[in-house]
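Student: The structure follows.
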Amino acid sequence: MSTTVPSAAGVPNPKPLAADMEEWDEFLKGRYREGRSKEDFRVYDKQAQPGVAEFYRLNHENQTVDYVLGKEREYFRLQKGMKTIWEAAEFLNTLVDDSDPDTDLSQMEHNLQTSEAIRRDGHPRWMVLVGFLHDLGKTLCLYGEPQWGVVGDTFPVGCAWSEDIVYHEFFYPGSTVDADPDSAGQHAASGSAARKGNPDRNVPEYQTKYGIYEPNCGLENVHMSFGHDGYIAEVMKPYLNIEALYMLRFHSFYPWHRHGAYDYLANDQDRAMLPWVLKFNQYDLYSKGHAKPDVAALKPYYDDLFAEFLPERIAW
Ligand code: FE
Ligand code: FE
């Protein structure tokens, strides 16, 4: 299957849906390999595939306060219908791009590899559940959201952008996608647009350290760039414990959980939850590559797990 992403903000994206998501996952895995320094990150980012840089350019240019508030209004009301977890997972599975020979792992298998790795290590059942659920918000793609609005590292909008956000420079205009001569050449060859920057840079209130927020207001009161994390956390809010909800809501907030950025917006609850988010992140990044899970064999365990925490059908 090779689904074409609908044009977002007038930007056509002819790539198969799953290909960019896989690229992003692979990029993260490499970027956060054990023991990398700040300088290593920069070097690693420069070597990223042109598609990854282009993906971040679109993400950083388009995730504005207005965009985020609009998407929150649209999706956080959960008006996309009632589905069981299996139905949502099957729905998400239609994203798999089987034309890509390197990507033979379906979304369902990534869910199960993550949850099974958590289960093997003897973590509580609610955390196993989080492993299965954490990427189900990617169904946003199937509602027509562009990839840059579904996956990618997340960051607060409405206040100054941390330099710890990957490709931080893409928030600002520039003559080419990347100042690096080599990759600039690559981008020019692939016909990429020049950097426009994010329009919020022209709103003085959004460019101060705290922006529209109070110091240490707590991350739950912060509007994060829109994506699959926030959406799945809203879907699960009535049912799961706070640790689980932090894992869901902030699993792609790398600037905070990996770099320590935005601590000035965090409160004591956020700091208490950070170790859980980090614990989860290990499984998200590094559980790939184990044997393919046998969905049919695992189904009875997961039927019980879902029934323990969730009603049969939930609002999406
Ligand atoms: Fe994710
Ligand atoms: Fe994931």
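Student: Might you let me know whether segment 126-133 holds any residue that is away from ligand 2 (no atom under 13 Å from the Cβ), over 18 Å from Ile314 (Cα atoms) and in contact (Cβ under 8 Å) with a residue 40 or more places away in the chain?
Tutor: To start, the set of residues in segment 126-133 that are away from ligand 2 (no atom under 13 Å from the Cβ) comprises 126-129.
Filter once more, keeping what is over 18 Å from Ile314 (Cα atoms): 127-128.
Now drop any that are not in contact (Cβ under 8 Å) with a residue 40 or more places away in the chain, which leaves 127-128.
The answer is yes, given that some residue of segment 126-133 is away from ligand 2 (no atom under 13 Å from the Cβ), over 18 Å from Ile314 (Cα atoms) and in contact (Cβ under 8 Å) with a residue 40 or more places away in the chain.
Student: Quick one: Ile232 ticks every box in (1) under 20 Å from Arg31 (Cα atoms); (2) in a helix (DSSP H, G or I) bar one, so which box is it?
Tutor: (1)
One line per residue, one yes/no per condition, for (1) among the aliphatic types (A, V, I, L, M); (2) in contact with an Asp or Glu (Cβ under 8 Å, 6 or more places away or on another chain); (3) at pLDDT 95 or above:
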{"residue": "Ser225", "(1), (2), (3)": "no, no, yes"}
{"residue": "Trp256", "(1), (2), (3)": "no, yes, yes"}
{"residue": "Ala261", "(1), (2), (3)": "yes, yes, yes"}
{"residue": "Asn267", "(1), (2), (3)": "no, no, yes"}
{"residue": "Lys299", "(1), (2), (3)": "no, no, yes"}
{"residue": "Asp304", "(1), (2), (3)": "no, no, yes"}
{"residue": "Phe309", "(1), (2), (3)": "no, no, yes"}
{"residue": "Ile314", "(1), (2), (3)": "yes, no, yes"}
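Student: Restricting to segment 265-305, and then to whatever is more than 22 Å from Leu105 (Cβ to Cβ) and hydrophobic (A, V, I, L, M, F, W, C), can you tell me which residue is farthest from the chain's Cα centre (by Cα)? First the steps, then the outcome.
Tutor: Narrowing segment 265-305 to residues more than 22 Å from Leu105 (Cβ to Cβ): 265-279, 300, 303-304.
From what's left, hydrophobic (A, V, I, L, M, F, W, C): 265-266, 272-274, 276-278.
Working: Leu265: 20, Ala266: 20, Ala272: 22, Met273: 18, Leu274: 17, Trp276: 17, Val277: 13, Leu278: 15 Å.
Checking each candidate, the answer is Ala272.
Student: Evaluate the following for Leu78: is it surrounded by fewer than 17 Cβ atoms within 10 Å (Cβ to Cβ) and closer than 25 Å to Asp200 by Cα?
Tutor: Details: surrounded by fewer than 17 Cβ atoms within 10 Å (Cβ to Cβ): yes; closer than 25 Å to Asp200 by Cα: no.
No: the conditions fail for Leu78.
Student: A further question follows. Determine which member of the set Tyr301, Tyr231 is within 16 Å of ligand 1 (Cβ to nearest atom) and either within 15 Å of Leu133 (Cα to Cα) or basic (Lys, Arg) (or both).
Tutor: Numbers: Tyr301 fails: within 16 Å of ligand 1 (Cβ to nearest atom).
It is Tyr231.
Student: Restricting to segment 65-94, name every residue that is under 16 Å from the mean Cα position of the chain (by Cα) and more than 21 Å from Asp20 (Cβ to Cβ).
Tutor: Result: Glu72, single match.
Student: Inside segment 106-189, counting only helices (runs of 4 or more DSSP H) that do not spill past its ends, which hold 3 or more residues that are within 26 Å of Met224 (Cα to Cα) and either within 16 Å of ligand 1 (Cβ to nearest atom) or at pLDDT 90 or above (or both)? I'd like the intermediate steps shown before the answer.
Tutor: Values: elements: 107-120, 125-133, 181-189.
Answer list for segment 106-189: 107-120, 125-133.
Residues are listed down the side, and each one gets a yes or a no for (1) away from ligand 2 (no atom under 16 Å from the Cβ); (2) farther than 25 Å from Gly70 by Cβ; (3) of a type in the set (Val, Ile, Thr):
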{"position": "Val203", "(1), (2), (3)": "yes, no, yes"}
{"position": "Glu214", "(1), (2), (3)": "yes, no, no"}
{"position": "Tyr239", "(1), (2), (3)": "yes, yes, no"}
{"position": "Gly260", "(1), (2), (3)": "yes, yes, no"}
{"position": "Pro275", "(1), (2), (3)": "yes, yes, no"}
{"position": "Pro311", "(1), (2), (3)": "yes, yes, no"}
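Student: Okay, next question. Tell me, which residue of segment 277-287 that is surrounded by 20 or more Cβ atoms within 10 Å (Cβ to Cβ) and hydrophobic (A, V, I, L, M, F, W, C) is nearest to ligand 1 (Cβ to nearest atom)?
Tutor: Phe280
Student: All but one of (1) modelled with pLDDT under 85; (2) in contact with a Lys or Arg (Cβ under 9 Å, 6 or more places away or on another chain) hold for Thr84; state the number of the condition that does not hold.
Tutor: (1)
Student: Take segment 16-75 and flag every residue that is acidic (Asp, Glu), surrounded by 15 or more Cβ atoms within 10 Å (Cβ to Cβ) and modelled with pLDDT of 80 or more. Spell out how you get there, then give the answer.
Tutor: In the first step, residues of segment 16-75 are kept if they are acidic (Asp, Glu); the result is 20, 22-23, 25-26, 34, 39-40, 45, 54, 61, 66, 72, 74.
Of the ones still in play, those that are also surrounded by 15 or more Cβ atoms within 10 Å (Cβ to Cβ) are 20, 22-23, 25-26, 45, 54, 61, 72.
Within segment 16-75, Glu23, Asp25, Glu26, Asp45, Glu54, Glu61, Glu72 meet the criteria.
Student: Tell me which residues, restricted to segment 259-287, are closer than 22 Å to Tyr210 by Cβ and outside any helix (DSSP H, G or I).
Tutor: Scanning segment 259-287 gives His259, Gly260, Ala261, Tyr262, Ala266, Asn267.
The values are calculated or read from the model by the stated rules, or taken from the named source; none is laboratory data. All figures in this text were calculated on a predicted structure; none of them were measured in a lab. Glycine gets a Cβ as well: all are built from the backbone with ideal geometry, and neighbour counts include every protein chain shown.
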